[in-house]
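The next block holds one structure in the form of structure tokens; read it before the comments.
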Amino acid sequence: MEESWVNPAEILGVDLHLEVSGGGGRRAALIHALREAVRSGRLTPGTRLPPYRSLAGDLGVARNTVADAYAELVAEGWLTARQGSGTRVAERAGPPGTPTRVPKKAPPRPRAPRHDLRQGTPDAASFPRTAWLASYRRAVGAAANEAFGPGDPAGRIELRTALAEYLARARGVRTHPARIVICSGFAHALRLLFPAVVRGPLAVESYGLAFHRQVLAAAAVRTVPLPLDEDGARVGQLGKERAVLLTPAHQFPTGGPLHATRRTAVVDWARARGAVVLEDDYDGEFRYDRKPVGAVQGLGPEWVVHIGSVSKSLSPALRLGWMVLPEHCVEDVLAAKGEREAWASVLDQLALADFIVSGSYDRHVRRMRQRYRRRRDRLVEALAARAPHIEVTGIAAGLHAVLRLPDGTESSVVKAAAWQGIALDGLAAFRHPEATVPARDGLVVGYATPAEHAYGAALEALCGVLPPG
Ligand SMILES: Cc1ncc(COP(=O)(O)O)c(C=O)c1O
């Protein structure tokens with residue numbers, strides 16, 4: 001049998017794209033191409049260049065041509081060559097005498113944040129690395145060869161089956177794997193639903209994530225703000241809209257659950273109008289003191305699109321989410337996704353399926369629930385001790401709380417916090433620009449983000465910028 005011969009230099013090198021052309025000989029052309037690549041910034045300081053042999057093989061020139069070109073550029077100051085670490089782009093690449101930029105005197109700016117109390121991210125240090133790797137290893141090891149081909153846009157059946165069981169058990173969702181479509185998270189779900197499933201204006205809560213409003217605006221969707229009160233969105237005011245987007249388990253960001261009568265009312269409204277409720281279940285797993293609040297989807301699976309993701313429960317870096325759809329929407333959403341899965345890694349989908357089925361997901365959520373509850377308690381205790389006049393709300397669930405501030409003080413407190421190196425947002429950042437409900441002053445404090453050892457100092461700093469009682 002004839003064996004194919006493989007040049008080891010072809011395997012051992014690293015790829016370097018160079019446009020080697022023009023007259024003047026190969027050596028001169030190579031020097032010119034390398035110099036331009038460094039001068040233009042395409043090859044950044046410290047970049048390691050391929051060994052002579054591999055670059056010579058790739059370019060079809062003699063090894064000595066590459067060696068000579070490198071030596072010339074080292075002499076000119078563009079490259080450095082050190083025994084053992086190969087040839088690299090010089091830290092201050094350029095021929096001797098290249099002027100260095102003198103930085104202009106910058107105006108004073110708030111300190112770079114030392115305390116990150118922004119809402120939105122789970123505790124990154126608690127990502128279950130070992131359990132995730134174990135799931136990944138098992139899933140990739142057991143996957144059939146077809147799993148390594150183009151993905152089904154509905155998502156892997158293993159994951160949809162695991163989610164159907166998990167969401168029914170943990171969130172009260174009524175579904176079937178055929179009604180679930182995998183996506184890369186909530187924002188992606190919005191992009192797929194408009195205009196595939198929903199056309200026309202969308203009612204939204206008058207406080208919500210500005211980023212989601214931007215995603216909708218980019219899809220030319222007009223959003224109509226729905227007033228909020230202590231029972232959540234006032235769904236009785238829904239009018240001609242064909243859809244409403246809600247955060248029923250934990251209003252984002254103000255914090256309360258949608259009242260039971262409103263949960264029923266909104267499903268009745270959708271049924272009567274042939275409309276659809278989009279349920280953003282972004283942190284439904286994290287509830288502390290009150291009874292679990294199940295998904296609104298369970299009240300009317302044909303009128304509610306239930307949307308979730310692992311962004312709060314595991315990590316926003318995974319980019320994995322799901323839509324539980326009414327039967328009549330499935331085909332349109334799949335058509336919007338296209339012929340092949342183009343967003344959610346199939347291998348990550350298989351790993352998540354294993355993670356759920358093996359019980360690791362439940363274990364992680366339960367562990368994090370305890371951890372976040374302790375953090376929430378520490379926040380409440382610190383405020384009770386240092387700023388008892390500040391009311392804290394929205395604490396029964398989620399990864400953030402809202403600190404109510406005296407009217408007219410929010411923007412100065414947010415600025416003072418920035419000067420003290422505390423990153424956080426005021427409620428104004430979440431208010432719909434056309435909202436008619438009176439603006440509330442408050443701080444949205446995310447308590448999941450700081451590392452455990454840094455949390456006490458972050459709370460201390462926060463209490464230091466709150467207005468006196
Ligand atoms: C209100 C709200 N919905 C949904 C999400 C999840 O977004 P995604 O799944 O696109 O990461 C977030 C952020 O984590 C959020 O704050």
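Tabulated values for the structure
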{"quantity": "Hits in the range 386-435 (condition: more than 24 Å from the chain's Cα centre (by Cα) and of a type in the set (Asp, Glu))", "calculated": "GLU391, ASP407, GLU410, GLU434"}
{"quantity": "Condition met for LEU246 (out of contact with any Ser or Thr (no Cβ under 9 Å at 6 or more places or on another chain), aliphatic (A, V, I, L, M), touching a residue at least 12 places away in the same chain (Cβ under 8 Å) and within 14 Å of the ligand (Cβ to nearest atom))", "calculated": "yes"}
{"quantity": "Check on LEU167, touching a residue at least 12 places away in the same chain (Cβ under 8 Å), within 16 Å of the ligand (Cβ to nearest atom) and closer than 21 Å to LEU314 by Cβ", "calculated": "yes"}
{"quantity": "Tally of residues being more than 20 Å from THR254 (Cα to Cα), among the hydroxyl-bearing types (Ser, Thr, Tyr) and assigned to a loop (DSSP other than H, G, I, E, B) across the range 410-455", "calculated": "0"}
{"quantity": "Hits in the range 133-172 (condition: within 24 Å of ASP281 (Cα to Cα), part of a helix (DSSP H, G or I) and aliphatic (A, V, I, L, M))", "calculated": "ILE157, LEU159, ALA162, LEU163, ALA164, LEU167, ALA168, ALA170"}
{"quantity": "Answer residue from the range 268-291, given it is part of a loop (DSSP other than H, G, I, E, B) and in contact with a Gly (Cβ under 8 Å, 6 or more places away or on another chain) and is farthest from VAL380 (Cα to Cα) among those", "calculated": "ASP281"}
{"quantity": "Selected residue (criterion: farthest from the ligand (Cβ to nearest atom)) from residues of the range 215-235 that are over 18 Å from VAL304 (Cβ atoms) and small (Gly, Ala, Ser)", "calculated": "ALA220"}
{"quantity": "Qualifying residue in the range 269-278 (condition: within 16 Å of the ligand (Cβ to nearest atom) and buried (at least 21 other Cβ atoms within 10 Å of the Cβ))", "calculated": "yes"}
{"quantity": "Among (1) buried (at least 17 other Cβ atoms within 10 Å of the Cβ); (2) aliphatic (A, V, I, L, M); (3) out of contact with any Gly (no Cβ under 6 Å at 6 or more places or on another chain), the one test that ALA219 misses", "calculated": "(1)"}
{"quantity": "Per-region count, the range 249-262, residues assigned to a loop (DSSP other than H, G, I, E, B) and either more than 16 Å from the ligand (Cβ to nearest atom) or not hydrophobic (A, V, I, L, M, F, W, C) (or both)", "calculated": "8"}
{"quantity": "Pick from the range 2-15, criterion surrounded by 10 or more Cβ atoms within 10 Å (Cβ to Cβ) and part of a loop (DSSP other than H, G, I, E, B), ranking: modelled with the lowest pLDDT", "calculated": "ASN7"}
{"quantity": "Hits in the range 173-209 - residues which are at pLDDT below 95 and either not hydrophobic (A, V, I, L, M, F, W, C) or not assigned by TED's automatic domain parsing to the domain that holds ARG340 (or both)", "calculated": "PRO195, ARG199, GLY200, PRO201"}
{"quantity": "Residue among TRP303, TRP269 that is touching a helix residue (DSSP H, G or I) at 6+ places or on another chain (Cβ under 6 Å) and closer than 22 Å to GLU205 by Cβ", "calculated": "TRP303"}
{"quantity": "Matching residues in the range 76-87 - criterion: being among the polar types (S, T, N, Q) and without any contact (Cβ under 8 Å) to a residue 24 or more places away in the chain", "calculated": "THR80, GLN83"}
{"quantity": "Residues satisfying the stated conditions in the range 376-389, i.e. surrounded by 18 or more Cβ atoms within 10 Å (Cβ to Cβ) and among the charged types (D, E, K, R)", "calculated": "ARG376"}
{"quantity": "Leading residue by the ranking (surrounded by the fewest Cβ atoms within 10 Å (Cβ to Cβ)) among those in the range 16-75 that are of a type in the set (S, T, N, Q) and in contact (Cβ under 8 Å) with a residue 40 or more places away in the chain", "calculated": "THR44"}
{"quantity": "Hits in the range 314-344 - residues which are within 11 Å of the ligand (Cβ to nearest atom) and of a type in the set (D, E, K, R)", "calculated": "ARG319"}
{"quantity": "The range 286-313 - residue that is within 11 Å of the ligand (Cβ to nearest atom) and within 19 Å of GLY155 (Cα to Cα) and, of those, surrounded by the fewest Cβ atoms within 10 Å (Cβ to Cβ)", "calculated": "VAL310"}
{"quantity": "Evaluation of ALA265 against (1) touching a Gly at 6+ places or on another chain (Cβ under 9 Å); (2) among the hydrophobic types (A, V, I, L, M, F, W, C); (3) surrounded by fewer than 21 Cβ atoms within 10 Å (Cβ to Cβ); (4) assigned to a loop (DSSP other than H, G, I, E, B) (one fails), failing number", "calculated": "(4)"}
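The values are calculated or read from the model by the stated rules, or taken from the named source; none is laboratory data. Please read all numbers here as calculations on a predicted model, not as lab measurements. All Cβ positions, glycine included, derive from the backbone under ideal geometry; neighbour counts span all protein chains shown.
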